[in-house]
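This report refers to the structure that appears directly beneath it.
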């Protein structure tokens, strides 16, 4: 596969997850919507990584580390955001975190983060296409 095809591959996967994230939220599965939101951003970052670094993406799920490896310039707020969203990946996987996260992940909480995920996705999409 050519580099642009690999970028498209990651973006297409992110688009599928984006639709799933929205569906999960609409059906009140807030924890899982946030988990899939992490995947949306992860796949977008991997598309960016392919575009600017190499076709062999890092096999990690830590969003800030992927961004740093691709030398993506981020504000401190964006760095904090990526750390917070990375935590959704962990908090939905492990039972000891999961129960606390279910209490925290209300509709309002999820709605706020999904908005931020959507905004970051738009911003990163412009970087990828630019």
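Things to note:
- Over all pairs of different C-alpha atoms in the chain, the reciprocal of the mean inverse distance, the Kirkwood hydrodynamic radius, equals 14.8 Å.
- Helix 95-104 and the longest principal axis of the Cα set of the chain meet at an angle near 80°.
Read-outs throughout are calculated quantities, based only on the coordinates presented, and are distinct from any laboratory measurement. It should be emphasised that the depicted structure is a prediction, and the values quoted were computed from it without experimental measurement.
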